[in-house]
Every structure is written in C-alpha cells, then in structure tokens.
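Trainee: I am attaching a structure below and will ask some questions about it afterwards.
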Amino acid sequence: MLSLLIEPALAQNKPTTKPAAKKPAASQNADNSVPLDPAVKVGKLPNGFTYYIRKNVEPKNRVTIYLANKAGSILENENQRGLAHLIEHMAFNGTKNFPKNELVNYLQKTGVRFGADLNAYTSFDETVYQLPIPSDDPEIVKNGLQIMRDWAQNVTLDPVEIDKERGVVLEEKRLGKGAQQRMQDKYLPMLFNNSRYSNRLPIGTEEVLKNATPQTIKDFYNDWYRPNLQALIVVGDIDVNQIEQQIKAKFSDLKNPANPKPRTKYNIELTGKNQFVAVTDKEFPVTVAQILIKHKEQPLLTKNDLRNSVIRSLYNQMMGARFSELSKQANPPFLQAGNSISGFLAGLDAATTVIVAKPGEFEKGLKTTFTEVERVKRFGFTATELERAKASFLTS
Ligand SMILES: [Zn+2]
C-alpha cells in the first residue's frame with residue numbers, strides 16, 4: 001500500500017489502521033511529561049532496536065505484531081526512487097527462513113489474508129509491516145516474530161524475484177495514473193513547498209522501477225533497514241514478559257551498518273504566503289476544493305500537550321457532527337464537506353477544509369462550508385455539542 005495524503009478532513013472519522021505508537025517516546029522524567037500508558041512495556045536493545053508490548057485481551061486469542069522502519073521514500077537517492085516501496089513488496093517474495101513464496105503459503109495456512117500492500121505500507125518517512133495472527137498457538141507466535149526478524153534484516157532480494165515484482169509495482173503505478181494522480185502531480189509541489197517531498201512520491205519513477213539493479217536495491221535495504229531505526233510493536237492477548245524475552249532473544253543480534261548514513265529529517269518550509277492552484281482534468285467527475293493551513297506540528301510531550309490534543313479531537317468530532325448534520329438536509333449545499341485539524345507531514349500539522357461541490361454549485365458549497373467554520377470561530381460550540389463529543393471520546 002502506498003500511504004499518501006487523502007483529504008484528512010473527510011477521512012478523520014475512519015479508524016486508522018496504522019499502529020498508534022507513532023509518537024510513543026515521550027520523555028518520562030519531567031513532572032510535567034505525559035505518562036506513558038503503564039500497560040505498555042517499552043524497551044530498547046543495545047543495538048537501538050525498540051519494542052512496545054501491550055496486553056489487550058480483546059479480541060481474545062489474537063495478537064498483532066508491527067515492524068516499523070523509520071525509513072521511507074524520502075531517503076531514496078535519485079536512482080532509487082520507488083525502491084522503498086519495491087522492497088516492501090519483496091519482503092513477501094522470500095526471506096532467509098521463508099524462501100520464495102513459503103511465507104505467503106505458511107501464513108495462509110494460519111488463516112491470515114496475506115500479501116504485500118495487505119500487510120504493509122510505504123510512506124515518505126516510514127515503512128510499516130503488520131501481522132495479525134492467532135496468539136493461542138505458541139508456534140505461530142514464534143514464527144510471527146521470526147517473520148518480523150527476517151523482514152528487519154533478512155529479506156532475500158533475489159534478482160529473479162525482483163524482476164517478477166517490477167511488473168507488479170509498475171502495474172500499481174499505471175493503475176494509479178488516473179485523474180487523481182495527474183492532478184496530484186500538479187498540486188503536490190505547491191502543497192509541499194517544492195521541498196524534497198515533492199520529488200519523492202513513494203510510487204517512484206518508471207525509469208528506476210524498470211532498471212534499478214539488484215545491488216542498488218540491496219543498498220537501500222542495507223542502509224536503512226537497521227535496528228536503530230526500527231521498532232516492534234506487539235499488541236494482543238499475550239503474556240507481556242514472555243514476548244519480551246522472545247524479542248530479546250531474536251532481535252539482539254541485528255546489526256547496524258559500520259558507517260551508518262545519517263537519517264536526515266527533511267522539512268517542508270512554511271512560506272508564510274497564501275498560495276493557490278487550480279487544476280482541471282477531463283476525467284475528474286466533481287469539483288473539489290481543499291484549503292490547508294499548515295503550521296508547526298503540535299508536540300505531544302507534556303500534560304499540556306496532551307490536553308491540547310484532546311481539545312483537538314473534540315474539535316474534530318464536533319465539526320464532523322456539524323457537517324454530517326448539514327449533509328443530511330433535504331437539499332444539502334454540497335456533496336460532501338468537512339473541516340479538521342490533523343497531522344500533515346514533515347513536522348507539520350494542517351487545518352484542512354474540504355468541499356466536494358454539487359455540479360454547478362461550487363460557490364454555494366464553498367460559502368456554506370466557510371460560513372460554518374466562521375460560525376465556530378465566532379461563537380464556538382454549544383454545551384450539548386461538547387457533552388456529546390466528550391461522551392463519544394470517552395467510549396472510543
Ligand atoms: Zn504496493
């Protein structure tokens with residue numbers, strides 16, 4: 001799966017499939033710091049490999065294991081554009097302990113729907129693998145951890161398999177080449193302020209996907225799949241201490257490269273300017289406006305940060321409810337609309353307003369949407385709206 005930005009204002013009510021451990025490393029010493037969930041066992045092996053383990057008895061006898069690599073397409077050299085994603089695919093085509101398609105066969109036997117993009121995604125800054133497996137069979141859990149260990153450093157990257165997979169990824173690129181993609185190509189450079197992000201879309205270039213040598217692919221894997229950029233997250237109906245012992249036994253021998261490349265953190269500079277771009281495409285069926293106000297990412301380190309993040313969730317919830325009301329009117333002013341504040345990319349958050357206009361009614365949709373946003377700005381929310389949002393927040 002390629003993880004790109006998709007209208008966050010509309011997507012905010014969907015459950016996220018990414019692991020929640022995106023920012024777990026809050027410092028634990030200062031009085032004011034956010035206490036980490038005491039049910040989460042956190043540890044770091046001497047090689048830098050980090051783990052987070054949490055017992056969660058619902059659903060019963062299930063566990064999900066995530067391997068998060070703090071490396072994605074943003075780290076690709078010019079001659080590697082698309083290889084972070086190709087490597088994600090290759091992880092399903094043979095590893096040291098599960099050669100060729102044994103991995104897929106094995107997991108299908110355990111009842112896991114399995115394959116590249118079904119159990120993994122590649123984004124600009126990270127590549128994440130996940131395995132949802134039964135937890136009541138120690139053998140399956142052991143093998144699950146072994147698969148993660150293999151992905152962490154022992155993907156085979158067999159040249160014959162690479163050649164087969166090129167076609168799969170090129171096909172994925174071809175399928176993505178619809179109106180949406182063409183339009184994105186035009187507005188992303190502006191949205192990303194012509195930063196490195198503009199030229200590192202995870203899908204990459206045809207040139208690289210067709211011609212990259214197995215060695216170039218291996219170079220990316222060896223440079224960036226390393227324990228000091230990796231974490232394992234285990235959540236499920238498991239014995240935490242037992243899992244911790246298994247992680248220590250299996251992941252301690254992962255090696256960092258002798259001369260590790262610095263993991264640069266790329267930024268998108270804020271220009272402080274209003275910018276806009278209008279893009280048309282004959283095949284795009286509706287008129288959509290997306291208005292993003294980018295700002296520095298809200299940190300999540302102190303109790304006050306946590307409070308702000310709860311406020312933001314409540315805001316998003318109440319806004320979502322208002323727009324849902326509007327769309328249920330007998331003659332709604334738009335096909336879809338929303339406003340929310342969420343993470344953007346590269347250390348930025350964004351307040352995003354999205355309007356999907358009815359044919360010929362763009363102005364009306366835009367006006368109604370902004371009237372609603374302005375109303376909140378001036379008058380806030382009602383006590384009832386807040387109570388409802390709080391109740392829903394507490395049960396979620
Ligand atoms: Zn893919």
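The values are calculated or read from the model by the stated rules, or taken from the named source; none is laboratory data. Please read all numbers here as calculations on a predicted model, not as lab measurements. Counting neighbours? That spans all protein chains shown, and the Cβs are built from the backbone with ideal geometry, glycine included. To get the accessible areas, we keep the full protein, side chains included, count just its heavy atoms, and leave off ligands, DNA and RNA. Shrake-Rupley method; radii C 1.70, N 1.55, O 1.52, S 1.80 Å.
Trainee: In the same structural domain as R378 (by TED's automatic domain parsing), in contact with a strand residue (DSSP E or B) (Cβ under 7 Å, 6 or more places away or on another chain) and modelled with pLDDT under 95: is that true of S327 in this structure?
Mentor: So S327 fits the description; yes.
Trainee: Based on this model, can you work out whether Q180 counts as touching a Phe, Trp or Tyr at 6+ places or on another chain (Cβ under 8 Å) and either within 16 Å of the ligand (Cβ to nearest atom) or not in a loop (DSSP other than H, G, I, E, B) (or both)?
Mentor: Spelling it out, Q180 is indeed touching a Phe, Trp or Tyr at 6+ places or on another chain (Cβ under 8 Å) and either within 16 Å of the ligand (Cβ to nearest atom) or not in a loop (DSSP other than H, G, I, E, B) (or both).
Trainee: Applying the selection to the stretch 144-159, what residues are within 24 Å of G204 (Cβ to Cβ) and either aliphatic (A, V, I, L, M) or within 16 Å of the ligand (Cβ to nearest atom) (or both)?
Mentor: Matches in the stretch 144-159: W151, A152, V155, L157.
Let's see how each residue does on (1) at pLDDT 95 or above; (2) away from the ligand (no atom under 16 Å from the Cβ); (3) of a type in the set (D, E):
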residue: A9; (1), (2), (3): no, yes, no
residue: K14; (1), (2), (3): no, yes, no
residue: P24; (1), (2), (3): no, yes, no
residue: A30; (1), (2), (3): no, yes, no
residue: V34; (1), (2), (3): no, yes, no
residue: D37; (1), (2), (3): no, yes, yes
residue: T50; (1), (2), (3): yes, yes, no
residue: E76; (1), (2), (3): yes, no, yes
residue: E88; (1), (2), (3): yes, no, yes
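Trainee: Go over the candidates L157, L67, L145 one by one and state the one that is in a strand (DSSP E or B), at pLDDT 95 or above and in the same structural domain as P214 (by TED's automatic domain parsing).
Mentor: None of the other options fit; the residue is L67.
Trainee: Restricting attention to the stretch 121-132, does a residue exist that is open to solvent by 20 Å² or more (accessible area, probe 1.4 Å), part of a loop (DSSP other than H, G, I, E, B) and within 16 Å of the ligand (Cβ to nearest atom)?
Mentor: yes
Trainee: If a residue must be among the charged types (D, E, K, R) and within 25 Å of the chain's Cα centre (by Cα), how many such residues does the stretch 322-372 contain?
Mentor: Number satisfying all stated conditions: 1.
Trainee: Here's another thing I want to ask about it. Residue pairs, Cβ under 7 Å, 6 or more apart or interchain, first in the stretch 164-176 and part of a loop (DSSP other than H, G, I, E, B), second near the ligand (Cβ under 10 Å from one of its atoms). List them.
Mentor: The qualifying pairs are G176/I203.
Trainee: Kindly indicate whether F92 is within 16 Å of the ligand (Cβ to nearest atom) and not in a strand (DSSP E or B).
Mentor: yes
Trainee: Provide a single number: the residues in the stretch 144-165 that are buried (at least 17 other Cβ atoms within 10 Å of the Cβ), farther than 30 Å from A249 by Cα and not hydrophobic (A, V, I, L, M, F, W, C).
Mentor: The total comes to 2.
Trainee: Just one of V104, V112, V141 is within 16 Å of the ligand (Cβ to nearest atom) and either surrounded by 14 or more Cβ atoms within 10 Å (Cβ to Cβ) or in contact (Cβ under 8 Å) with a residue 12 or more places away in the chain (or both); which is it?
Mentor: Step by step, each of V104, V112, V141 is checked, and only V104 is within 16 Å of the ligand (Cβ to nearest atom) and either surrounded by 14 or more Cβ atoms within 10 Å (Cβ to Cβ) or in contact (Cβ under 8 Å) with a residue 12 or more places away in the chain (or both).
Trainee: In the stretch 183-203, how many are within 20 Å of E171 (Cα to Cα), assigned to a loop (DSSP other than H, G, I, E, B) and open to solvent by 70 Å² or more (accessible area, probe 1.4 Å)?
Mentor: 0
Trainee: Of the residues G360, G347, G380, which is touching a residue at least 40 places away in the same chain (Cβ under 8 Å) and assigned by TED's automatic domain parsing to the domain that holds K294?
Mentor: Being touching a residue at least 40 places away in the same chain (Cβ under 8 Å) and assigned by TED's automatic domain parsing to the domain that holds K294 holds for just one of G360, G347, G380, which is G347.
Trainee: Could you tell me whether the stretch 53-73 includes any residue that is away from the ligand (no atom under 16 Å from the Cβ), among the aromatic types (F, W, Y), open to solvent by 10 Å² or more (accessible area, probe 1.4 Å) and more than 22 Å from L254 (Cα to Cα)?
Mentor: no
Trainee: Here's a check for you: in the stretch 208-222, which residue that is in contact (Cβ under 8 Å) with a residue 60 or more places away in the chain and charged (D, E, K, R) is nearest to L131 (Cα to Cα)?
Mentor: K218
Trainee: With the stretch 284-396 as the region, which strands (runs of 3 or more DSSP E) entirely inside it contain at least 3 residues that are open to solvent by 60 Å² or more (accessible area, probe 1.4 Å)?
Mentor: Where strands (runs of 3 or more DSSP E) fall fully within the stretch 284-396 and carry at least 3 residues being open to solvent by 60 Å² or more (accessible area, probe 1.4 Å), they are 287-296.
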